[in-house]
Amino acid sequence: MQRAPALFVSHGAPTFALEPGLLGSQLTALGERLAAATAIVVVSPHWQTCGVRVSGAPRPATMHDFGGFAPALYTLSYPAPGLPSLAAETAGLLIEQGFTAMVDSERGLDHGAWVPLRYLRPAADIPVLQVSMPHNLDVDSALRMGRALAPLRDRGVVVLGSGSLTHNLREARPNRETEDYAKAFAAWARSAVLAGDTDALRTYRQHAPSALRAHPTDEHYLPLLVAAAAAGDDAPRVIEGGVTYGVLSMDCYAWGVH
């Protein structure tokens, strides 16, 4: 069985589901290489819990976990199946790495999962499950989570960290000119990823330009660390997504894409 990739995807605002911009077609092209995948495991900041939960619903619902957007967004669905047996196995791997983990048989797919998956696999033909981020997740435990999930790749399971390369919602405005700090942070992250410098990514608060402005909080950055740790020594590929709302870098990374 071919080893599946590890991915970090910037999911942007919920409007990305209707506005593909620069990134949508590139994700679709990437998704064509995932046809052999047996499942996709998504870590999203829009599911935070005490301990770790793994979604185990056989038919996970599409969650519209946002408000104030165009009515068309609330009509969208992503009817991918779940895979309860994989959920149990995934929880077991996390427990082996010291996490408290259990299966949640009711949880659906939040927009951090289904919005980018609409482009990656528009047919919704690959089983999807989510892994929650515990409230106390930090840079070190995010790396540990990625290492826990890495063995799934050998079984054809894509490990997908869904976040945002920059994420300052207070500054996000439609049609805003791109802020230099967002470009600078994205350039720094790209260099660190291409160099395989996991320690730089781990210590981004100390070393990245405008780290606090790019990420007032950590939750949309941590999925990058999960994906990077799951990637191991695989070579990365950069997918340039531009910047939306003036401050949301949409860059993505793919490791182990053949």
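The set of residues from segment 114-150 being touching a Pro at 6+ places or on another chain (Cβ under 7 Å), assigned to a helix (DSSP H, G or I) and either of a type in the set (Gly, Ala, Ser) or closer than 20 Å to residue 222 by Cβ (or both) comprises just one member, 115. On the stretch given as segment 232-258, residues that are in a loop (DSSP other than H, G, I, E, B), in contact with a Pro (Cβ under 7 Å, 6 or more places away or on another chain) and small (Gly, Ala, Ser) total 1. Only one entry of 225, 212 meets the criterion of being at pLDDT 95 or above and buried (at least 23 other Cβ atoms within 10 Å of the Cβ), and that entry is 225.
For segment 82-109, filtered to residues that are assigned to a loop (DSSP other than H, G, I, E, B) and of a type outside the set (D, E, K, R), the residue that is surrounded by the fewest Cβ atoms within 10 Å (Cβ to Cβ) is 98.
Of the residues 156, 146, 163, which single one is closer than 23 Å to residue 239 by Cβ and in contact with a His (Cβ under 6 Å, 6 or more places away or on another chain)?
163
Of the residues 153, 173, only one is part of a helix (DSSP H, G or I) and either within 21 Å of residue 253 (Cβ to Cβ) or out of contact with any Asp or Glu (no Cβ under 6 Å at 6 or more places or on another chain) (or both); which? Steps first, please.
Values: 173 fails: part of a helix (DSSP H, G or I).
The conditions single out 153.
Would a scan of segment 32-39 turn up a residue that is of a type in the set (S, T, N, Q), surrounded by fewer than 14 Cβ atoms within 10 Å (Cβ to Cβ) and under 18 Å from residue 230 (Cα atoms)? No: zero hits.
The sole residue among 231, 192 that is in contact with a His (Cβ under 9 Å, 6 or more places away or on another chain) and closer than 27 Å to residue 157 by Cβ is 192. Has segment 39-47 got any residue that is in a loop (DSSP other than H, G, I, E, B), out of contact with any Asp or Glu (no Cβ under 8 Å at 6 or more places or on another chain), modelled with pLDDT of 95 or more and not aromatic (Phe, Trp, Tyr)? Checked segment 39-47: no residue is in a loop (DSSP other than H, G, I, E, B), out of contact with any Asp or Glu (no Cβ under 8 Å at 6 or more places or on another chain), modelled with pLDDT of 95 or more and not aromatic (Phe, Trp, Tyr). Taken over segment 55-81, the residue count meeting the criterion of being buried (at least 18 other Cβ atoms within 10 Å of the Cβ) and of a type in the set (S, T, N, Q) is 2. Of all residues in segment 166-175, those being surrounded by 14 or more Cβ atoms within 10 Å (Cβ to Cβ) and more than 24 Å from residue 237 (Cβ to Cβ) number 3. Looking across segment 185-207, the residues that are within 21 Å of residue 234 (Cα to Cα), of a type in the set (A, V, I, L, M, F, W, C) and crowded, with 17+ Cβ neighbours inside 10 Å come down to 186, 188, 189, 192, 193, 200, 201.
Beta carbons closer than 7 Å, at least 6 apart along the sequence or on distinct chains, pair a first residue in segment 105-133 that is in contact (Cβ under 8 Å) with a residue 40 or more places away in the chain and on the phi < 0 side of the Ramachandran plot with a second that is assigned to a loop (DSSP other than H, G, I, E, B) and aromatic (Phe, Trp, Tyr) for 109/78; 111/66; 114/78; 117/78; 118/78.
The values are calculated or read from the model by the stated rules, or taken from the named source; none is laboratory data. Worth saying up front: this structure is predicted, and the values here are computed from it rather than measured. FYI the Cβ positions are ideal-geometry reconstructions off the backbone, even for glycines, and counts take in every protein chain you see.
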